[in-house]
Amino acid sequence: TGKLKKNPARPVDVLLEPEPPKEQLSHFYTFEEILRRYLHDQQRWLSYNHMHNVEKHLKGFLKYLRANEVKSIYSVSESSLLKYRDYLWEEFTQHRADSLVVKSQIERLRCVVRLFRYCFKEAILKQDPSKNLGWRQHYKDIREKAKSLPKQPEPVQNLTYLDNLKLKFIKYELTKGKSPYTMEHYRKSVDVFFGFLKEKGKISKNRAGLR
């Protein structure tokens, strides 16, 4: 058997669990202030695209809190977080238009957990309500439960060749973390270009039908 010339784990420092804050910060942080402060802290570790996804997930969580009359981060309890993850799952199983697939649910919940760890570490919160909720087991459970769900029926659509081409392009660009403003600009630009081709007779009638 071969031997390693170097121990790859030697330079790795294992971070200890942060000590509970001795004193809670006196400043009352709004949702917007906490999000801004957290994202600024994460800039050191995350790429631009990843930061965009984290911001999107956390804004979705804060939107849920407001809709359920949770007026501040200080009011979030273990029960609030359990209700939120149940809400994400129910939205998915009922095939709501804006629901998140299991992978995206897990990504969003991980962002939420990291946010509360940060708030605890920075003494914004005296306790971390996400600490004892068995997140790893929950992620494993919903992956397994998703396998047993009936497949969602495909919607009946009469999409043309160009419609499908535009959808593939938009989906590809969305995976790169483009902003909603940029994506709307792309959609309009593609429609203008396809309209130009159709006007010039560069597209056969059976492939037309732009939206």
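Give the whole-number value, in cubic angstrom per residue, of the convex hull volume spanned by the C-alpha atoms of the range 66-153.
94
Using C-alpha positions alone, give me the convex hull volume of the range 20-89 per residue in cubic angstrom. Mind dumping the intermediate values first?
Working: hull volume 8.5 nm³, N = 70.
Hull volume over Cα atoms, normalised by residue count, gives 122 Å³.
Taken together, the values in this text are just the output of simple stated rules run on the coordinates, not laboratory data. This structure is a prediction, so every number in the text was calculated from the model and none was measured.
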